[in-house]
Structure formats: structure tokens, C-alpha cells
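K.L.:
Take this structure first; my questions come after.
Only the coordinates and a few stated rules stand behind these numbers; no lab work does. In this text the structure is predicted, and so the values were computed from the model without any measurement. Cβ: placed from backbone, ideal geometry, glycine included. Neighbour counts: every protein chain shown.
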Amino acid sequence: DAKTTQPPSMDCAEGRAANLPCNHSTISGNEYVYWYRQIHSQGPQYIIHGLKNNETNEMASLIITEDRKSSTLILPHATLRDTAVYYCIVRVAVGNAGNMLTFGGGTRLMVKP
Amino acid sequence: DTAVSQTPKYLVTQMGNDKSIKCEQNLGHDTMYWYKQDSKKFLKIMFSYNNKELIINETVPNRFSPKSPDKAHLNLHINSLELGDSAVYFCASSPRTSGGNEQFFGPGTRLTVL
């Protein structure tokens, strides 16, 4: 799997957009970018994933650069409940289930009032 | 109507004991997993089961054994508990269509070995 690099921590003001970067310069053509988050004392939660096109769902937007070497997760209007550790994972979406997810250190996002 | 549930939420036990953690999912998913999150907060895969067949087994001690009585359950049995087993254990499941990458996690079980 391609290695990912994320800043260890970030702050964001409540109501503002939170932009979380992830570098994955060794990503290969068939690897997807996945984002999960873990709110304190809870299990990780899937947010979004993409291959090369930008993606949006009810939780967030994912912007992937044209060369796919980096991406940004955008929470458009951060709330205090978005305070969590955000993990960027690069992984092939294989046909068989049982894919192993490798979680790195992630980015600790602190949303402040 | 919790999607992925684990019991117990907290487990405190003595070294050398044998214990089990239960996991159930009502999502109809094909694959279930166990993860361990240690005190440094790193989350590591331990096992996954697909259709009652172990398909991933990380280098965990054989004191740990997953048991799946049916597709909706994957229990974790731990024999001869050691201090280093203290951690939070998370169960997860995923549908076949996601290729295992979209996983749904349970609330975790905090195991403390004294």
C-alpha cells in the first residue's frame, strides 16, 4: 500500500471549512483514497473515498489532485462534533472482501467555538 | 438497532485468565474484522472472516482466536491473558460490494489486564 502523510494536528473555527490534507506521492493507479475518522472513545467511522474524481457526500468533500499524489478532505461547515482524529488511507479496492485497512497516525482536528 | 455491537464494553481481568469478547452485526455484511488499538492509539488489524472462513491473520499470538458461529457474529477468544493485551478492541464489518474498504466499526471493548 502507498504510504500516506498527514499533519499530526489542526485547529478549525466552528462554522468554518476544515481542510485536511493528505500526501500519497507513491499511490498507484488502482489505489483508492479513503478517509475515516475516530471521535474520542468511539470506533472509526467511514467518511468518503475516491479514485481520481472529486467526490461529495452528506458528510464531506474529497478533492484529489490531478496527479493523485495528494488529496484534501473538506468539512464545509465544521461543528464541535467534528472534533476527531481523521485518517487518510490508500488501498486497492479488491473484488474479494477482507481487505486489510492500515491506519496511520492521522490528523487530530480540534474544532473550536 | 445498533449496526455493529460488542459486549462487554469494559473488561477487567487478571493475568493468565481466558476471556471472550462478542461481536454482532445486523447489516447483513459478508466480512467481519477485529482490530486492536493500543495505548499509543495505533489501530491494527488482527483478523478478518469472510463466510466463516479466516482470510486474513496478522501476526498475532495464537492465544487469540476468532470464532464465527454464523455470518452475523465474530467473537474473539483470548487465552492466558498478558499485561500487553490491555487495549481497546474494535469489531468491524463490511459488505462484499465495497471490497472490504468501507468498514463499519463497533463501539469497542476496553480490556484491562491486571
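K.L.:
What is the distance in Å between the Cα centres of segment A:30-101 and segment B:9-70?
P.N.:
Each part's Cα centre sits 24 Å from the other's.
K.L.:
Just for the Cα atoms in the protein assembly as shown, what are the lengths along the principal axes, largest first, rounded to whole Å?
P.N.:
For the protein assembly as shown, the Cα spread along each principal axis is 51, 41, 34 Å.
K.L.:
If we count other beta carbons within 10 Å of each Cβ, what is the order of A:R37, B:R63, A:R91, fewest first?
P.N.:
B:R63, A:R91, A:R37
K.L.:
What are the equivalent ellipsoid semi-axes of segment A:12-102, built from the alpha-carbon gyration tensor (square roots of five times its eigenvalues), in whole angstrom, biggest first?
P.N.:
Ellipsoid half-lengths, sorted descending, are 23, 16, 10 Å.
K.L.:
Can you figure out the FRET efficiency of B:D70 with A:T79, using R₀ = 30 Å and their beta-carbon distance, to the nearest 0.05?
P.N.:
Result of the calculation: an efficiency of 0.15.
K.L.:
Modelled label-to-label distance, A:K3 and B:V60, 7 Å Cα→beta-carbon offset: nm?
P.N.:
The two pseudo-label positions are separated by 2.7 nm.
K.L.:
Next question. For a footprinting-style exposure proxy, rank B:M32, A:M110, A:M100 by other Cβ within 10 Å, fewest first.
P.N.:
A:M110, A:M100, B:M32
K.L.:
When the convex hull of the Cα atoms of chain B is projected onto a plane and the area is averaged over all directions, what value comes out in nm²?
P.N.:
For chain B, the mean projected area of the Cα convex hull comes to 6.6 nm².
K.L.:
Which of B:T13, A:T65 comes first, and how do the rest follow, when ranked by fewest Cβ neighbours within 10 Å?
P.N.:
Going from least to most buried by this count: A:T65, B:T13.
K.L.:
Going Cα to Cα from B:K22, which lysines come in below 26 Å? Please leave out same-chain ones fewer than 8 positions away.
P.N.:
B:K9, B:K36, B:K40, B:K41, B:K44, B:K52, B:K67, B:K71
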